[in-house]
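The values are calculated or read from the model by the stated rules, or taken from the named source; none is laboratory data. Nothing here was measured: the structure is a model prediction, and the numbers come from that model. Backbone-built Cβ (ideal geometry, glycine too); neighbour counts: all protein chains shown. These area figures cover heavy atoms from the full protein model, side chains too; ligands, DNA and RNA do not enter into them. Shrake-Rupley method; radii C 1.70, N 1.55, O 1.52, S 1.80 Å.
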Amino acid sequence: MTVQHKTSKSIGREIFASTALILLSSLLLMGGVLCALSMAYFTQERHSSLTSVLDAATALGDRFAARGQDITRPIDDEALRRNIEEGFELFHTSSDVAVFVADGAGQVMLRTDNDVLTGAPVPAGILARMDGGEDYFERGTLGDVLGGKYYVAGRQMQGGQARAYLFVCTSTQSMYQYLADSISVICLSALCILLLALIVSLLLTRKITAPIEQISAAARQLGGGDFTARAPVDGCEELAGFATTFNNMAARLQTIDNARGQFMGNIAHELRTPMTSIKGFIDGMLDDTIPESEYKHYLTIVSQETGRLARLVQNMLDITKLESGEYKVQARTFNVWDTLTDVVLSDEQRIENGRIDIQGLGPEREFVYADPDLVHQVVYNIVDNAIKFTPPDGVIKFQVIHSDGMVYVSVENTGDGIAPEALPFVFERFYKEDRSRGLNTRGSGLGLHICKVLINLSGGQIKAESEPGKWCRFTFSLPAGQPEAAPARAGK
């Protein structure tokens, strides 16, 4: 059954959304900062320019006062009024500002632009702020005196018989027009950025997804059982690394698949040989091909072949259990010489029958930190092989050395040894080399492989050395233990 996962967004849409969001956010932030700076600049610039006009208008008022024309009082003379207003009109035409004068009650007495004013009096609060001699400045309507928002500057006029207040104002339209133009530019830029983000996302998506699709296609092939499938190693560093990892995994799976096929073939061969022998002998006894007087001899062979089958099945179960991680190592400190002695004593009858001389096995103590059961099985397999392939009157020699926190155990025996070309393969499953002392037709080819797995599981290493025609030595290492932590051996 194939399970399909539905994704809400594709990589292309994610890249486009992320790119567009970043670019638009940056543009909006830049636009907001630009507008704020522009408003501050316009305000400062208008403040300076209106202050300059105030200075000039104040100087003009002072000249009128020097000629006896007091503009701080209501002017009844129409000719004089027209003369003063024409003087202020120069500022209106040259600087695009409106000038007007209000009396102490806030009523406008003189003006240069009737369209600007609404006729309302200037609020007393605003007038009071100028009574201390400070200039007034705002962007607004001057208390509804002006018909819209203006930049307004005001100052109390000095030297007259009554209080009067001089105001100059200019429109804020230019600032709003600038802001509107800026917003239009920002919107146009946003559209261009969205188009750019779309193009960039399409290019990036194609560059990223093409290798991913190739890896996905290779994964589908791999899932379908084609372990030769490989993904092209190209694109960015991360995708190339991903493809390399995938290819390494595929190569490993191919190796495992090949090993599995070889493993099954070896198992079939190892099972078929004793079963064929057993069936042949039993059929021979059933059809009287084998005389009754020979039954005991052939039943002994059948028993041996049955035992061989049982050992093969047990070895396979042990390997499966060890390599799957089901076995839990129960490590403790113990004397490895006790294990060596126990194994040799259990095979005493075979050793005597083979006239084998045991050397180096003394009442010494060397402590290791490992699982005693695992170490016992390793020693048993190595000693069992040594007994099998040591010729009559041969020698099996034991040696234990402590060095750099590790204990090295060696089992050496005389005999034909192992051919040099076979040494690198003696610990592989089902490997047999008929000329070697370690693997012959009677063995299953699993014992030494189990030894390697057990020693690795115990935190050590194992190796084989040989001089063909003379000797063979197996050496394995285990972590050293602390003597004071070793429990007393029962019966010792």
Check: Restricting attention to the stretch 257-268, does a residue exist that is modelled with pLDDT of 80 or more and open to solvent by less than 40 Å² (accessible area, probe 1.4 Å)?
Finding: no
Notebook entry, point to check: With respect to the numbered conditions (1) more than 15 Å from Thr475 (Cα to Cα); (2) open to solvent by 30 Å² or more (accessible area, probe 1.4 Å); (3) not small (Gly, Ala, Ser), which one is the sole condition not fulfilled by Asp347?
Noted result: (2)
Check: Any idea how many residues of the stretch 459-470 are part of a strand (DSSP E or B), open to solvent by 60 Å² or more (accessible area, probe 1.4 Å) and within 11 Å of Gly415 (Cβ to Cβ)?
Finding: 1
Next item on the list: Within the stretch 58-75, identify whether any single residue is within 16 Å of Cys169 (Cβ to Cβ) and either in a helix (DSSP H, G or I) or at pLDDT below 80 (or both), and answer yes or no.
Entry: yes
Item checked: From Thr19, Thr2, residue being more than 25 Å from Arg139 (Cβ to Cβ), loosely packed, with under 14 Cβ neighbours inside 10 Å, at pLDDT below 80 and not small (Gly, Ala, Ser) -> Thr2
Next item on the list: Determine the pairs where a residue that is open to solvent by less than 30 Å² (accessible area, probe 1.4 Å), located within the stretch 233-252, has a partner that is of a type in the set (Asp, Glu) with Cβ atoms under 9 Å apart, the partner being 6 or more residues away or on another chain.
Entry: Ala240/Asp234; Ala243/Asp234
Checklist line | Members of the stretch 245-256 that are of a type in the set (A, V, I, L, M, F, W, C) and modelled with pLDDT under 80 | finding: Ile256
Margin query: What's the number of the only condition in (1) surrounded by fewer than 16 Cβ atoms within 10 Å (Cβ to Cβ); (2) within 22 Å of Lys452 (Cβ to Cβ) that Asp357 fails to meet?
Written below: (2)
Next item on the list: Report the residue count in the stretch 12-28 for those that are more than 22 Å from the chain's Cα centre (by Cα) and of a type in the set (Val, Ile, Thr).
Entry: 1
Note to self: Anything in the stretch 138-156 that is in contact with a strand residue (DSSP E or B) (Cβ under 7 Å, 6 or more places away or on another chain) and β-branched (Val, Ile, Thr)? List them, or say none.
What the structure shows: Val145, Val152
Margin query: So for the stretch 143-162 (the condition being open to solvent by less than 60 Å² (accessible area, probe 1.4 Å), within 21 Å of Gln44 (Cβ to Cβ) and out of contact with any Ser or Thr (no Cβ under 8 Å at 6 or more places or on another chain)), does at least one residue qualify?
Written below: yes
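Going by the conditions given, is Arg355 out of contact with any Cys (no Cβ under 9 Å at 6 or more places or on another chain), under 22 Å from Trp471 (Cβ atoms) and of a type in the set (Lys, Arg)?
Yes; evaluated as a whole, the condition is true for this residue.
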Next item on the list: Consider only pairs whose beta carbons are under 6 Å apart and that are at least six residues apart or on different chains; among these, list those whose first residue lies in the stretch 198-210 and is open to solvent by less than 70 Å² (accessible area, probe 1.4 Å) and whose second residue is at pLDDT below 75 and part of a helix (DSSP H, G or I).
Entry: Ser201/Gly12; Thr205/Ile11; Thr205/Gly12; Thr209/Ile11
Next item on the list: Identify the residue in the stretch 350-395 that is of a type in the set (Asp, Glu) and farther than 14 Å from Arg473 by Cα and, among all such residues, is modelled with the lowest pLDDT.
Entry: Glu364
Notebook entry, point to check: How many residues does the stretch 110-142 hold that are more than 19 Å from Ser48 (Cβ to Cβ), open to solvent by 50 Å² or more (accessible area, probe 1.4 Å) and touching a residue at least 24 places away in the same chain (Cβ under 8 Å)?
Noted result: 5
Next item on the list: Scan (1) touching a helix residue (DSSP H, G or I) at 6+ places or on another chain (Cβ under 9 Å); (2) exposed (fewer than 12 other Cβ atoms within 10 Å of the Cβ) for the single condition Asp181 breaks and write down its number.
Entry: (1)
Next item on the list: Go through the stretch 373-394 residue by residue and tally those that are more than 13 Å from Ile358 (Cβ to Cβ) and open to solvent by less than 50 Å² (accessible area, probe 1.4 Å).
Entry: 9
Next item on the list: Check Glu433, Glu421 and return the single one that is in a loop (DSSP other than H, G, I, E, B) and either open to solvent by 40 Å² or more (accessible area, probe 1.4 Å) or at pLDDT 90 or above (or both).
Entry: Glu421
